[in-house]
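Coordinate-derived values only; no laboratory data. Treat the numbers as computed from the prediction; the structure is a model and nothing was measured. When we count neighbours, we look across all protein chains shown, and the Cβ atoms used for this are built from the backbone with ideal geometry, even at glycine.
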């Protein structure tokens, strides 16, 4: 099953959702700001993305620059920061089985379909 972790207020996330709709394959939408991820879910997504937690952080967000920038954080601390401040999570994330992409640009979704 394909899942998109979506923020409706984000234009890139809306583009990803639109691309999935055009592909015509069934998918699930998770509005992660309303349905917060668990630590296990976020950790699993990061593994499927094959990246480090910091690579999923929106480091230009005010909450990051004011609270975390310049600090030496462990992977676990970065994950905890994303769980505490969900807007720090890069979006949209699309998962298909064992594969996942941050769909920026939206065409990256086609890599895992």
Angle check, please: helix 39-49 long axis (alpha carbons) against the longest principal axis of the chain (alpha carbons), in degrees 0 to 90, nearest 10.
60
Measure nothing fancy, just the Cα-based angle from helix 75-84's long axis to the longest principal axis of the chain, in degrees from 0 to 90, nearest 10.
70
Of the peptides 41-50, 81-90, 63-72, how do they stack up when ordered by the mean number of other Cβ atoms within 10 Å, highest first?
81-90, 41-50, 63-72
Angle check, please: helix 11-23 long axis (alpha carbons) against the longest principal axis of the chain (alpha carbons), in degrees 0 to 90, nearest 10.
30
At q = 0.14, 0.17, 0.25, 0.33 Å⁻¹, base-10 log of I(q)/I(0) for segment 16-55 (Debye sum, equal scatterers on each alpha carbon)
-0.45, -0.64, -0.95, -1.00
Between [x] 0.92; [y] 1.26; [z] 0.96, the structure-derived Rg/Rh (Cα atoms, Kirkwood Rh) is [z]
Among 93, 79, what is the fewest-to-most ranking by other Cβ atoms within 10 Å?
79, 93
